[in-house]
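Structure record follows, encoded as structure tokens.
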Amino acid sequence: MLVQDRWFSLIIQPCIQKIYGRGSQEYVSHSAQEYKSRAAGEKETRLVDHIKLQQLQDEIKQCIQEDGVENLDIFGSFFFIMDIQGIKLTNKDREHLSPNCDDVLTILQDVMPALDINYMAQPENGECVIDLGISATPEGEEPIVGLWNLTHVDASFAKSGTNTAMLFNLGSLADYGGVSAEFPMDCASVTHMCYRMAYNLIFEIIRGNLKFPENSDTYVANGTFHSRINGIIKLYEHAKS
């Protein structure tokens with residue numbers, strides 16, 4: 001049995017079964033094979049509250065400690081990777097929440113009180129990585145187009161000690177667009193920054209996997225071709241306005 005299957009079948013699934021009550025256990029797979037069959041290649045998730053999550057950790061520790069047959073002690077130093085996505089807009093417009101506070105972590109905790117920032121800040125409890133974005137939005141009435149000058153931004157990235165930056169040129173403009181780069185390990189361990197990116201927020205309007213027409217539809221200019229092209233045109237028109 002693969003290590004991943006041992007962790008999943010002998011620890012995770014039995015422990016999840018224990019923390020769920022009647023009426024909920026039926027939604028939990030009993031084996032790795034059952035999970036794969038039910039998920040059919042898709043991700044299958046189960047939501048738990050903070051109390052159930054603590055109970056799950058306690059059950060996992062107890063399962064490993066009490067094992068005497070399956071050599072589960074190899075999982076004694078397990079840890080979880082928790083990822084919170086899609087919360088950018090929850091604290092971007094925050095004047096109505098904390099008008100007199102400029103501490104981003106305090107504001108984040110006001111917006112999401114379930115986060116224990118003080119606990120997360122202690123190194124012995126784990127490592128907390130925050131995607132911090134800083135935006136500048138002009139308030140002038142006259143519409144303008146904001147573009148990063150790549151020459152200056154690339155120099156700023158080099159000054160901060162990043163690896164070689166990846167440039168995202170806007171159309172055919174050689175010196176304008178976006179920049180992204182990772183920090184080397186020795187630098188990241190000191191600055192606590194592992195990644196940096198600069199781009200114009202107007203990109204958010206057209207960001208995503210734009211589905212361009214297939215060649216076969218393009219050659220004959222059929223309804224599918226026109227539908228997709230018109231959809232893309234509308235995106236850019238909305239971005240312009």
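The values are calculated or read from the model by the stated rules, or taken from the named source; none is laboratory data. Remember, it's a predicted structure, so these values are computed and weren't measured experimentally. Cβ coordinates were reconstructed from backbone atoms using ideal geometry, including for glycine residues, and neighbour counts include every protein chain displayed.
Quick check on region 221-228. Is at least one of its residues assigned to a loop (DSSP other than H, G, I, E, B), of a type outside the set (Lys, Arg), at pLDDT 90 or above and surrounded by 15 or more Cβ atoms within 10 Å (Cβ to Cβ)?
No, because not a single residue in region 221-228 is assigned to a loop (DSSP other than H, G, I, E, B), of a type outside the set (Lys, Arg), at pLDDT 90 or above and surrounded by 15 or more Cβ atoms within 10 Å (Cβ to Cβ).
Read through the list (1) on the phi < 0 side of the Ramachandran plot; (2) at pLDDT below 75, then give the number of the only condition that Thr106 fails.
(2)
Cβ-Cβ under 9 Å, sequence separation 6+ or interchain: first residue in region 65-82 and part of a loop (DSSP other than H, G, I, E, B), partner of a type in the set (Lys, Arg) and at pLDDT 85 or above. Which pairs?
Glu70/Arg6; Asn71/Arg6; Gly76/Lys61; Phe78/Lys61
The rows are residues; the columns are (1) surrounded by 13 or more Cβ atoms within 10 Å (Cβ to Cβ); (2) modelled with pLDDT of 85 or more; (3) under 23 Å from the mean Cα position of the chain (by Cα).
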residue: Glu142; (1), (2), (3): no, no, no
residue: Leu147; (1), (2), (3): yes, no, no
residue: Ile202; (1), (2), (3): yes, no, yes
residue: Lys211; (1), (2), (3): no, no, yes
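For region 177-191, check the following and say yes or no: at least one residue is under 28 Å from Ser77 (Cα atoms), of a type in the set (Asp, Glu), modelled with pLDDT of 80 or more and surrounded by 10 or more Cβ atoms within 10 Å (Cβ to Cβ).
no
Inspect region 48-61 for any residue being assigned to a loop (DSSP other than H, G, I, E, B) and either more than 30 Å from Arg6 (Cβ to Cβ) or assigned by TED's automatic domain parsing to the domain that holds Tyr35 (or both) and give the result as yes or no.
yes
For region 13-46, how many residues are at pLDDT below 75, surrounded by 10 or more Cβ atoms within 10 Å (Cβ to Cβ) and either at positive phi or part of a loop (DSSP other than H, G, I, E, B) (or both)?
6
Being closer than 17 Å to Asn200 by Cα and either modelled with pLDDT of 80 or more or assigned by TED's automatic domain parsing to the domain that holds Phe183 (or both) is true for just one of Phe79, Phe157, Phe75. Which residue is that?
Answer to the check: Phe157.
Surrounded by 12 or more Cβ atoms within 10 Å (Cβ to Cβ), closer than 21 Å to Thr191 by Cα, among the aliphatic types (A, V, I, L, M) and not assigned by TED's automatic domain parsing to the domain that holds Ser189: which single residue out of Ile117, Ile134, Ile107 fits that description?
Just one listed residue meets the conditions, Ile117.
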